[in-house]
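> To start, I am sharing the structure in question, which I have written as structure tokens.
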Amino acid sequence: VNRVFKDRLVFKEDHDWFREKVGELMKVNFKKEYKSLIKGNCFVWCDFVDPKASHYQEVTDQERLVATVTECLNDYNTMAKRGMDLVLFLAAAEHVCRIVRVLKTPLGNALLIGVGGSGRKSLAYLGIFQAQQDIFAIELTKTYGMAEWHDDMKRLLMTVGSKAKEVCFVLADTQIASENFLEETSGLLNNGEIPNLFNAEDKTIISEMCTNKAAEAGYHGPAEVFAFFIEQCMKNLHIILALSPIGESFRRRVRMFPSLVNCCTIDWFHEWPREALQSVAKHFLKSMEMGDKTLDGVVEVCVTMQNSVLELAGRYEREAGRFYYVTPTSYLELINAFKDLLGVKRDEVSTYKSRYDVGLDKIITTEKMVGEMQAELEELKPFLKKTAAETQDLMVVIDGKQKEAAATEAVVG
């Protein structure tokens with residue numbers, strides 16, 4: 001029921017209504033309480049949480065699920081050229097479980113819908129790694145055009161069609177330099193091929209690579225061998241599209257290419273829940289050397305600010321009829337801005353403290369020198385008194401001599 005109906009609902013209010021409706025129907029028809037069967041709002045199934053039981057089963061231990069996905073992320077970062085610095089929480093683990101389920105389904109493809117920065121590509125890569133499939137993605141450059149696109153598609157289809165290797169092709173909206181990319185991807189979703197992609201030489205190579213395997217499956221002749229190749233492409237190729245619902249382009253693409261919806265399992269990436277915001281903030285702020293109480297307070301402020309902006313955006317839409325999108329990227333920018341500002345203010349305080357310490361050291365040094373000089377003066381006082389008395393006696397003698405000299409001068413003169 002969740003996959004058929006709930007996954008197609010867009011808004012959180014619809015999800016809440018659906019959950020209440022299911023609870024009512026369960027109570028009426030099965031005499032069971034929804035809350036007694038499902039803990040919280042998490043209802044997840046997967047086949048990789050318990051290594052001893054690889055069958056598809058319900059996840060009852062949510063903490064174990066997050067720990068398992070985190071371990072998978074660590075393994076991915078160890079093996080991948082570019083690691084991912086992700087903070088995994090329950091909602092992210094649910095997305096990974098959905099992606100793994102789709103990739104392990106025959107002809108399974110996924111359409112991940114969410115605003116930029118919501119973790120669509122990162123969780124897609126993590127899900128592909130967990131499903132033990134190879135990742136294929138184009139590298140967009142300034143000169144990347146249809147010729148480079150066709151070369152990449154040939155290389156992809158050769159891999160999945162002739163080598164019988166399961167590969168997942170990830171295409172994000174930021175990589176769609178031309179609408180032709182999406183048109184040909186729609187063809188891959190529909191029938192596993194791109195019209196007129198392979199020339200005669202390419203078909204000869206495909207025939208040489210697939211003849212033996214096609215013969216084992218009962219396919220003979222060039223046309224049947226190529227049909228076998230296309231069949232293998234559909235079997236081994238999975239496609240994940242990561243698109244943003246913002247703007248007119250998404251609606252236009254869905255109307256122009258119905259296979260994006262018809263051939264894909266839709267997974268909506270909504271705004272992060274409160275516990276996700278707290279986990280992310282703690283992860284990025286724990287390196288700032290704050291006390292636990294201070295850290296908890298700062299995290300709570302960041303979460304409150306993000307939720308307040310979300311509420312204002314909803315109010316802005318209701319009153320003004322205009323959309324303002326608050327993305328997870330803006331939340332990360334808020335945290336980084338706080339870290340930068342805290343670093344600047346700490347540097348300022350450190351500079352002022354350094355100046356104060358230097359000035360205080362000079363005052364203490366000067367006070368010490370003055371004390372030493374006063375002690376020396378105290379020691380010299382008796383000597384100075386004696387010297388002053390001797391000087392006074394000498395002045396008396398000199399004064400008498402001056403008088404005698406003046407009298408003698410008067411007599412001589």
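Nothing in this text is a laboratory measurement; each read-out follows from the coordinates by a stated rule. The model shown is predicted, which means the values in this text are computed figures rather than measured ones. Cβ coordinates were reconstructed from backbone atoms using ideal geometry, including for glycine residues, and neighbour counts include every protein chain displayed.
> Binning at 5 Å from 0, report for the stretch 276-361 what percent of all alpha-carbon pair distances ends up in each bin.
Distribution as computed: 3, 13, 18, 17, 13, 11, 9, 7, 4, 2, 1, 1, 0 percent.
> Extending each Cα 7 Å along its Cβ direction at ASP75 and GLN175, get the distance between those two points in nm, one decimal.
It is 2.3 nm.
> For a bin width of 5 Å, list the pair-distance distribution of the stretch 345-413 built from all Cα-Cα distances, rounded to whole %.
Taking every Cα pair in the stretch 345-413, the percentages come to 3, 13, 8, 9, 8, 8, 8, 7, 7, 6, 5, 5, 4, 3, 3, 2, 1, 1.
> Cβ neighbours within 10 Å, averaged per peptide: list 120-128, 403-411, 23-31 in order, most packed at the top.
Final packing ranking: 120-128, 23-31, 403-411.
> Output the 0 to 90 degree angle, nearest 10, between the alpha-carbon long axis of helix 62-79 and the longest principal axis computed from the alpha carbons of the chain.
80 degrees
> Once both labels are modelled 7 Å past Cα along the beta-carbon direction, what's the THR211-LYS27 spacing in nm?
About 7.0 nm separates the two model spin labels.
> Once the Cα atoms of helix 292-320 and of the chain are each reduced to a long axis, what angle between those two axes, in degrees from 0 to 90 to the nearest 10, is obtained?
50 degrees
> Another question, then. Treating the beta-carbon of each Lys and Arg as +1 and of each Asp and Glu as -1, no other charges, what is the dipole magnitude of the stretch 148-299 about its Cα centre, to the nearest 20 debye?
In debye, rounded to 20, the stretch 148-299 gives about 300.
> Helix-derived [θ] at 222 nm for the chain: sum -39500 (n - 2.57) over DSSP H runs of at least 4, divide by residue count, nearest 500?
Estimated from H runs of four or more residues: -22000 deg cm²/dmol.
> Same structure, new question: Would you please give the FRET efficiency between THR204 and MET288, computed as 1/(1 + (r/R0)^6) with r the Cβ-Cβ distance and R0 = 60 Å, to the nearest 0.05?
Calculated transfer efficiency: 0.45.
> How tilted is helix 146-162 with respect to the longest principal axis of the chain? Cα atoms for both, answer in degrees (0 to 90, nearest 10).
The two axes meet at around 60 degrees.
> Which lysines, if any, have their Cα less than 26 Å from the Cα of LYS401, not counting same-chain residues under 8 positions apart?
The reachable lysines, counting only those whose Cα sits under 26 Å from LYS401, are LYS385, LYS386.
> What Kirkwood hydrodynamic radius, in Å, does the chain give when the mean of 1/r is taken over all pairs of distinct Cα atoms and then inverted?
27.8 Å
> Further question on the same structure: Express in nm, to one decimal, how much length is gained between GLU367 and SER350 on full extension, taking 0.36 nm for each residue of separation and deducting their alpha carbon distance.
Value of the extension gain: 3.6 nm.
> Mind scanning LYS21/LYS235; LYS52/LYS235; LYS27/LYS282; LYS81/LYS353; LYS6/LYS104; LYS21/LYS104 and naming the pairs with a C-alpha gap bigger than 32 Å?
Among LYS21/LYS235; LYS52/LYS235; LYS27/LYS282; LYS81/LYS353; LYS6/LYS104; LYS21/LYS104, the Cα-Cα distance tops 32 Å for LYS21/LYS235; LYS27/LYS282; LYS81/LYS353.
> In the calculated pair distance distribution of the stretch 41-154, what percentage of Cα-Cα distances lie above 24 Å?
So the portion of pairs separated by more than 24 Å is 31 percent.
> Shifting gears a bit: Just report the Cα centroid separation between the stretch 249-292 and the stretch 304-380, whole Å.
32 Å
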